[in-house]
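Readers should treat all values here as calculations from the given coordinates under stated rules, not as data from a laboratory. Since the model is a prediction, treat every value here as computed from it, not as a measurement. Positions of Cβ are backbone-derived with ideal geometry, glycine not excepted, and every protein chain shown enters the neighbour counts.
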Amino acid sequence: MTHGVVTIGVYGFDKKSFLRALREAEVGLLLDVRQRRGVRGPEYAWANSLRLQAALARAGIAYEHHPELAPTTELRQVQYAEDARQGVGKRSRRALAAEYVRRYTGEILGSADLAPIRSALPRGAALLCVERDPGACHRSLVAERLGVPVRHLLP
């Protein structure tokens, strides 16, 4: 049987609905693919690394950080420049810039060892970043590269 992967962002969820979505999707392991594991704004304080890990542990969901899959600061700047050109903010972005996708795929995914991620799939794995829309986030590129069914959890 082929195991799929789930993706989830932070924006649009509160802690309770986030954990409920993970439980309903039968997620047993959250794979955090953020470089910086903090989220700005008091409404998302629950998603900062230590608070999130504590909430997950109470919910019986394991946690792993995979910074090797996070975009570099330079790559994020490529996306921010396109966001500025289009007049969209990080929280309202709907799609990734073509240059960002090209570079992330080549520079990060091209050399990433996805074996640890693939081996986690039978545990019910979810890829985590912050963006609400998976098409606006690198987690969708990671999920696609895995070559398994993908389910995106939305608020």
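Below is a table of values for the structure above.
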read-out: Helix-derived mean residue ellipticity, 222 nm - over the chain, DSSP H n ≥ 4, -39500 (n - 2.57), to 500; value: -10500 deg cm²/dmol
read-out: Selection from G60, A25, G12, by position along the positive dipole direction of region 11-64 (Cβ); value: G12
read-out: By average C-beta atoms within 10 angstrom, highest first, the peptides 108-116, 24-32; value: 24-32, 108-116
read-out: Nearest-0.05 FRET efficiency for D14 and E99, computed from C-beta distance (R0 41 Å); value: 0.75
read-out: Estimated distance in nm for a label pair at E107 and R123, the labels positioned 7 Å out from Cα along Cα-to-Cβ; value: 3.0 nm
read-out: Charge dipole magnitude, Cβ of K and R +1, D and E -1 - region 50-155, Cα centre, debye nearest 20; value: 400 debye
read-out: Simple label model, 7 Å out from Cα along Cβ direction - L114 to A54, nm; value: 3.5 nm
read-out: Computed magnitude of the charge dipole of region 1-95 (debye, nearest 20; Cβ of K, R +1, Cβ of D, E -1); value: 360 debye
read-out: Extension gain (nm, one decimal) between Y63 and R85, 0.36 nm per residue minus Cα-Cα; value: 4.3 nm
read-out: Options (1) 39, 36, 27; (2) 42, 37, 22; (3) 54, 37, 27 - which one matches Cα extents along the principal axes in Å as calculated here; value: (2)
read-out: Rounded if a/c under 1.5, otherwise prolate or oblate - region 74-124, Cα gyration tensor axes; value: oblate
read-out: Among G135, A97, A70 - extreme Cα towards positive end, dipole of region 68-155, charges at beta-carbon; value: G135
read-out: Relative contact order for region 74-155, counting Cα pairs under 8 Å that sit 6 or more residues apart, in percent; value: 31 percent
